[in-house]
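Down below is the structure, laid out as structure tokens.
A short reminder: the numbers here are calculations on the coordinates, not readings from a lab. Computed from a prediction, not measured in an experiment: that's the story for all the values here. Positions of Cβ are backbone-derived with ideal geometry, glycine not excepted, and every protein chain shown enters the neighbour counts.
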Amino acid sequence: MTTNPIASPGPAAPDTITIGGELTVGRIGYGAMQLTGNQVWGEYPDREAAIALLRGAVDAGVTFIDTADVYGPHTNETLIREALHPYPEQLVIATKGGFVRGGFEYSTLGAVGNPNYLRQAAHTSARRLGVEQIDLYYLHSGRATDAPFEEQVATLAALREEGLIRHIGLSNVTLGQLRAAQAIAPIAAVTAHYNVGMRTGAELLRAAEESGAVFSPWHPVRFDEGGETEKVTAVLAPIARRHGATLQQIALAWHLHRSPAALPIPGTTSLTHLTDNLAAADIKLTAADVAAITALAPEA
């Protein structure tokens with residue numbers, strides 16, 4: 001087997017990405033979900049450490065933070081406000097509504113699409129975050145059955161017209177639902193399960209690219225999904241050694257090289273890990289690196 005230690009880098013990944021044609025943020029954001037209690041329930045046990053991490057994230061260059069009303073529930077949004085309000089001008093905050101949580105067990109998680117509930121959820125998220133307008137508001141699920149999906153999107157479209165929501169995003173939706181939503185209102189962002197070992201959201205990524213929406217992949221630094229961890233590690237490890245990087249950094253760098261629409265939002269409770277994640281934006285993978293990682297999982 002031959003090696004190519006001086007392989008030339010592929011095209012450099014852009015340093016920024018724009019949401020909705022106007023909100024420009026860094027290519028790697030921060031997902032705040034882990035700053036809650038066990039099983040995303042209740043307060044984070046060390047509030048001062050969480051506040052320090054959020055402030056450290058912004059100081060380190062994070063310009064996009066993702067949260068949701070169901071994280072806690074509610075505690076994650078209020079934590080962000082306590083740590084960062086008044087917000088830096090360049091900081092964009094995304095939150096989500098449509099899930100409800102009845103208790104500690106994940107089995108109590110449900111989806112609600114009632115228009116008045118969604119309106120209430122958006123207004124109270126804005127109140128907890130301390131903003132008059134939410135930069136990016138996601139419908140957190142396309143699974144609610146108490147109201148037609150199109151009616152749920154129309155509710156968010158009305159909130160956008162009223163000025164409470166600046167841009168609309170979709171999470172936990174099918175490709176068909178995305179297409180239906182796009183016929184109602186501009187969709188600025190989509191989230192789905194997509195990483196080096198699992199590409200469930202591949203169709204949604206392609207649709208986001210086609211429409212100019214950003215795409216935030218779930219579990220962006222996981223490389224143990226898809227049932228073939230050893231195979232994935234065997235490909236990532238030599239690339240990581242050549243770049244002097246961790247496997248997680250290579251996984252993040254791959255997202256940025258894989259698609260111009262990618263806006264990964266890795267979560268962590270460690271400022272060291274957070275700065276490591278941000279440093280992945282500086283890794284210049286070769287075209288061969290990107291191809292080898294892309295070949296690890298099907299995208300049909």
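How large is the charge dipole for the chain, taken about the Cα centre, if only the Cβ atoms of Lys, Arg (+1) and Asp, Glu (-1) carry charge, to the nearest 20 debye?
Details: 21 positive and 30 negative charges, 58 e Å.
Dipole size: approximately 280 debye.
Charges at C-beta only: +1 for Lys and Arg, -1 for Asp and Glu. How large is the resulting dipole of the stretch 18-144 about its Cα centre, in Debye rounded to 20?
On the way: 10 positive and 13 negative charges, 70 e Å.
In debye, rounded to 20, the stretch 18-144 gives about 340.
Relative to the first principal axis of the alpha-carbon coordinates of the chain, what is the inclination of helix 47-60, with its axis defined by its Cα atoms, in degrees from 0 to 90 and to the nearest 10?
For helix 47-60, the angle is close to 60 degrees.
Given Cα pairs under 8 Å that are at least 6 residues apart, what percent is the relative contact order of the stretch 117-229? Let's see the in-between values first.
Working: 171 pairs, mean separation 24.3, N = 113.
For the stretch 117-229, the relative contact order is 21 percent.
Once both labels are modelled 7 Å past Cα along the beta-carbon direction, what's the E228-A183 spacing in nm?
Placing both labels 7 Å along Cα→Cβ, they lie 3.7 nm apart.
For the stretch 157-299, what's the relative contact order in percent, using C-alpha pairs closer than 8 Å and at least 6 residues apart?
Working: 212 pairs, mean separation 31.9, N = 143.
This gives 22 percent for the stretch 157-299.
Full-extension gain between F104 and E210, please, as 0.36 nm times their residue separation minus the C-alpha to C-alpha distance.
Details: separation 106, 0.36 × 106 = 38.16 nm, distance 3.92 nm.
So the chain would gain 34.2 nm between F104 and E210.
For the stretch 30-41, just list the computed ³J(HN,Hα) in residue order, Karplus coefficients 6.51, -1.76 and 1.60, θ = phi - 60°, integers in Hz, with x standing in for Gly and Pro.
Values, residue by residue: 10, x, 8, 4, 5, 8, 9, x, 4, 6, 6, 10 Hz.
After finding the eigenvalues of the alpha carbon gyration tensor for the stretch 81-126, what semi-axes result from the square roots of 5 times each, listed largest first in whole Å? Write down the numbers at each step before the final one.
On the way: eigenvalues 134, 44, 14 Å².
In descending order the semi-axes read 26, 15, 8 Å.
Given a cut-off of under 8 Å on Cα pairs at least six residues apart, what relative contact order in percent is computed for the chain? Can you show the working numbers first?
Values: 599 pairs, mean separation 59.5, N = 300.
It comes to 20 percent, rounded to a whole number.
Give the separation of the Cα centroids, the stretch 139-173 to the stretch 195-249, in Å.
28
Place +1 on the Cβ of every Lys and Arg and -1 on the Cβ of every Asp and Glu in the chain, take the dipole about the Cα centre, and give the residue among L285, S107, G42 whose Cα lies farthest towards its positive end.
Checking the options against the dipole of the chain, the answer is L285.
Please report the antiparallel percentage of the DSSP beta bridges confined to the stretch 1-150, to the nearest 5. Mind dumping the intermediate values first?
Numbers: 7 of 17 bridges.
The answer is about 40 percent antiparallel.
Among DSSP beta bridges lying fully in the chain, give the percent that are antiparallel, nearest 5. Don't jump to the answer; show the numbers that get you there.
Details: 8 of 32 bridges.
About 25 percent, rounded to the nearest 5.
Quick query: amide H of I134 versus all other amide H atoms, modeled in the peptide plane; which residues come in under 5 Å with a sequence gap of 5 or more or a different chain?
I165, R166
Given that compact globular proteins tend to follow 2.2 N^0.38 Å, what is the ratio of the alpha-carbon Rg of the chain to that value?
On the way: Rg = 18.9 Å, N = 300, 2.2 N^0.38 = 19.2 Å.
Scaled against compact globular proteins, the figure is 0.99.
Given a Förster distance of 51 Å, report the FRET efficiency between N114 and E299 from their Cβ-Cβ distance, rounded to the nearest 0.05. Before the final figure, lay out each step's value.
Details: r = 35 Å, r/R0 = 0.69.
Rounded to the nearest 0.05, the efficiency is 0.90.
Have a look at T78, I239, L274 and report the one farthest towards the positive end of the charge dipole of the chain, computed about the Cα centre with Cβ charges (Lys/Arg +1, Asp/Glu -1).
Of the candidates, I239 comes out farthest on the positive side.
Rounding to the nearest 20 debye, state how big the charge dipole of the stretch 196-291 is about its Cα centre with +1 on each Lys and Arg Cβ and -1 on each Asp and Glu Cβ. Write out the running numbers ahead of the final one.
On the way: 8 positive and 10 negative charges, 40 e Å.
Charge dipole of the stretch 196-291: 200 debye, to the nearest 20.
Extension gain T272-H193, at 0.36 nm per residue separation less the Cα-Cα distance, in nm?
25.9 nm
Which residues among the stretch 176-205 fall inside the zone where the amide N is under 18 Å from a point 7 Å beyond the Cα of A154, along Cα→Cβ?
Taking a point 7 Å out along Cα→Cβ of A154, the residues of the stretch 176-205 whose backbone N falls under 18 Å are 177-187.
Would you mind getting me the FRET efficiency between A292 and T24? Use the beta-carbon distance for r and R0 = 30 Å, nearest 0.05. Could you put the intermediate results ahead of the total?
Values: r = 31 Å, r/R0 = 1.03.
With R0 = 30 Å, the Cβ-Cβ based efficiency is 0.45.
Counting only other residues whose beta carbon sits under 15 Å from that of N76, what net charge do I get with K and R as +1, D and E as -1?
On the way: positive: R47, R81, K96, R101, R127, R128; negative: E43, D46, D66, D69, E77, E82.
Result for the neighbourhood of N76: 0.
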